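Taking it in order: structure first as structure tokens, then the write-up.
The values are calculated or read from the model by the stated rules, or taken from the named source; none is laboratory data. Quantities reported herein were computed from a predicted structural model and do not represent experimental measurements. Reconstructed Cβ throughout: ideal geometry from the backbone, glycine too, with neighbour counts over all protein chains shown. Note: accessible area is taken over every heavy atom of the protein model, side chains too, but ligands, DNA and RNA are not part of it. Shrake-Rupley method; radii C 1.70, N 1.55, O 1.52, S 1.80 Å.
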Amino acid sequence: MHHKTSCVTMLLMAVLLSLCFCYTGVFGDPDEVKSVSVMEGHSVTLHKNDTQLKSAHLIRWTFVSQESPIVRINKEANKVLIFDDIHDGRFRDRLQVDVQTGSLTITNTKTEDSGLYEITISGKQQISYRFNINVYAHLPVPVISSDFSQCSSSSSSVSNCSVLCSVLNVPHVSLSWYKGKSLLSNISVSDLNIRLSLPLEVEYQDTNTYRCVINNPIANHPQHLNINHVCQPCSGLTFIHKVVMCCAAVASLKIVTVLLIICVCRKHRVNER
């Protein structure tokens, strides 16, 4: 009796395992998304090693983020349809496919290519896999400049230098200040059309090495701080400002004087007539 119960239990387990296998085989794993990162302008190839690809009669690639089909491969008819003119031709002349492996290659990638892609393989069963592509823009070199606004601050010190490290219009990046190998501060941004700035205050006589680094998940660019080149004492700047203001006042006084002389001369001529 115990033997029969064991056999029945094993049979039920085998059936359940078969059902689970079939379910996974037909629909794929909805939570499995492979992430791929690439620098803008480079090529990226999406490929899935699946035994069903050999016997598949139809393979479809979809740009899920835009709900648009982009490739249809009919292996039985040995035909490939590439819909690269969708959405104002964003993929025009940039899609390549391999009929045998079903792989999709996007050349000369752009940041707007980022998003979710799906391959659907139809054969004895139908199964789908998803890929998330992140295309990152090329990183500029950060710009380090004096932070003149701090010179008017009551807390500013004549022995310290205030500088800013800045970049403009670069999404999904972070800026960081390093002193040697030690991280001092950092800031991140995900949006475009934003000026990203990170301040730093150092002493004029500081001999340590400082650098500002811009980075994304796959690349980085450092810019070293040259204190002697970038920094100017606030007291010196204040003197310069005073000289400029004084010159401007003198010039304005001269202009007013000339205008008064012209007016007097005209009035004198009118009286003579």
Item to check | Tensor-based shape of segment 69-121 (alpha-carbon gyration tensor, a/c under 1.5 rounded, otherwise prolate or oblate) | outcome: prolate
Checklist outcome for this item: The summed charge of the residue 223 Cβ neighbourhood (under 15 Å; Lys/Arg +1, Asp/Glu -1) stands at +2
Checklist entry - Do any trypsin sites (Lys or Arg not before Pro) in segment 34-93 lie in a loop, going by DSSP, with at most 15 other beta-carbon atoms within 10 Å of their beta carbon, and if so which? => result 92
Checklist entry - So for segment 48-147, Kirkwood radius off the Cα pairs, Stokes-Einstein at 37 °C and 0.692 mPa s: how many µm² s⁻¹? => result 219 µm²/s
Next on the checklist: Step by step: find N for segment 183-233, compute 2.2 N^0.38 Å, then divide the Cα radius of gyration by it. What's the final number?
Outcome noted: 1.34
Checklist entry - How big is the accessible area of residue 50 in square angstrom, nearest 10, if you roll a 1.4 angstrom probe over the protein chains? => result 30 Å²
Item to check | Loop-located chymotrypsin sites (Phe, Trp or Tyr not before Pro) in segment 77-117 whose Cβ has at most 16 other Cβ within 10 Å (DSSP) | outcome: 83
Item to check | Probe 1.4 Å, all protein chains present, accessible-area order of 118, 203, 67, largest first | outcome: 67, 203, 118
